[in-house]
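Data first, discussion second: the structure below is written as structure tokens.
The values are calculated or read from the model by the stated rules, or taken from the named source; none is laboratory data. Computed from a predicted structure; not experimentally measured. For neighbour counting, all protein chains shown are included, and Cβ atoms are generated from backbone atoms with ideal geometry for every residue, glycine included. All accessible areas refer to the heavy atoms of the entire protein, side chains included, with ligands and DNA or RNA removed. Shrake-Rupley method; radii C 1.70, N 1.55, O 1.52, S 1.80 Å.
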Amino acid sequence: MIVLILLGGVVWWTRQQGAPLPSGGGRNGGPMSIVPETVGKGDIGINLNALGTVTSLATVTIRSQISGQLVRIAFKEGDEVKKGDLLAEIDSRPYEAALAQAKGQLARDEAQLKGAQVDLTRYQNLAVQNAVPHQQLDTQVALVAQDQGIVEADHAAVKAAEVNLQYCHILSPLDGRVGLRQVDQGNYVTPTDSSGIVVITQLQPISVLFTLPEDNLQAVAKRLQDGATLPTAAYDRGGINKLADGSLQTFDSQIDPTTGTIKLRAQFPNEARALYPNQFVNVRLLLDTHKDVTVMPTAGVQRGVPGTFVYLVNADSTVSVRPVKLGVTDGDRVEVRSGLNPGDHIVVDGADKLRDGARIVVRTPTDSAHSAGAAKGGEADKQGGGKRRHSEGGSKP
């Protein structure tokens, strides 16, 4: 019995020794096939990302400045209006009558002033001849001054009546978009109405308020003091689709002590009307640009015992570990400060399966496309052959 067990163990060990080793892209497998990426030169930006809220530069609630019946609504909800466009009209008849009354009062008082001035001239001539007492002359001087004051008050009353008459025609104070109407034609409106008639919101240009950590304030302030224009882009909630391009205008005068952030305002032309007040956006502020630097894909960066490194493709179809020092990251690109030169080839895909000195098979992107096409074609042929064999088997009696 023991002999049989020993014999079985020898047979199993012999089969295990004869089994083929697995091949492929592992560390102990055959050469790995890769498509290298070329290190290049270019510009890379220093971007600051933040969350922001779209804010109108001007929002005006249109209210009547006089009391009266609203006889006309001259806008449609959602219209784009210009500064000076007619929005509504108030019954002007009471204010026309008030203006006429003020003008009549002015004409009467001007006539009285003219008569008092004629009397004053007469008394002055008589006073030279001592024909009238000086007290009477002084009284007439005071009367002329009194009438002059009354006439000036009448002129002011006429101007006030003219202003009230102008208020009967309510005009837009700015360019913008009118919202939903708050009152209908025929209602009696007053200056104390809290809701007003309509709200006009300026959409072009428009601004975005966002916050940045206080650590970024010095860099931003220095760039603005140097007269630089800092491009600012607004993205949707997902941070993928760009909505509008603008520029940074200014920042707040104090830091929020509860959050350690400071508020900034960027302005956007908003020609495409992609931004609306109170809309949430992701903001990307371009603080500076490093020009003509060495750049590489971020996917090629590896981290391990040597620190930050890449797998450099050598001329003899091997790879070697190359430590690198990185700078600014912008999306899927990163600045290389040292360790690589433009034109070097590095491994991007499958670097986790390599080691220093490993042999590789270098392929071009065209070869990869052909290999993928051939694999799809082979799979289609297998499926077609299976269908044909199934059809032939089904035709047999």
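Data for the structure
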item	result
Percent of alpha-carbon pairs separated by more than 25 Å within the range 28-163	67
Compactness relative to 2.2 N^0.38 Å, alpha carbon Rg of the range 192-231	2.00
Solution diffusion estimate, µm²/s, Stokes-Einstein, the range 265-330, Kirkwood Rh from C-alpha pairs, 4 °C, viscosity 1.567 mPa s	79
Heavy-atom accessible surface of the range 52-131: percent carbon and sulfur, 1.4 Å	46
Computed label-point distance, nm, for sites residue 74 and residue 254 using a 7 Å Cα→Cβ extension	4.4
Extension gain (nm, one decimal) between residue 273 and residue 305, 0.36 nm per residue minus Cα-Cα	6.4 nm
Formal net charge of residues neighbouring residue 150 (Cβ-Cβ distance under 14 Å; K, R +1; D, E -1)	-3
Potential extension, residue 127-residue 141 segment - 0.36 nm per residue separation minus Cα distance	3.8 nm
Over the range 236-293: Kirkwood hydrodynamic radius from C-alpha pairwise inverse distances, Å	13.8
Karplus 3J(HN,Hα) series, Hz, for the range 325-330 with 6.51 cos²θ - 1.76 cosθ + 1.60 (x for Gly, Pro)	10, 9, x, 7, 9, 9
Probe 1.4 Å, protein heavy atoms only - accessible area per residue of the range 81-183 in square angstrom	62
Amide H partners (placed H, <5 Å) of residue 175, local residues excluded	83
Karplus-derived HN-Hα couplings along the range 60-68 (A = 6.51, B = -1.76, C = 1.60, θ = phi - 60°), whole Hz, x at Gly and Pro	10, 8, 7, 10, 6, 9, 9, 9, x
Vicinal HN-Hα couplings computed from phi for the range 169-179 (Karplus, 6.51 cos²θ - 1.76 cosθ + 1.60; Hz; Gly/Pro x)	10, 8, 10, 6, x, 7, 7, x, 10, 7, x
For residue 327, residues with placed amide H under 5 Å, excluding near neighbours	335, 336, 337
Efficiency of FRET from Cβ geometry, residue 166 and residue 112, R₀ 51 Å, rounded to 0.05	0.95
Principal axis box of the range 164-234, alpha-carbon based, largest edge first, Å	57, 23, 22
Long-range HN-HN contacts of residue 62 with modeled amide H, under 5 Å	197, 198, 199, 200
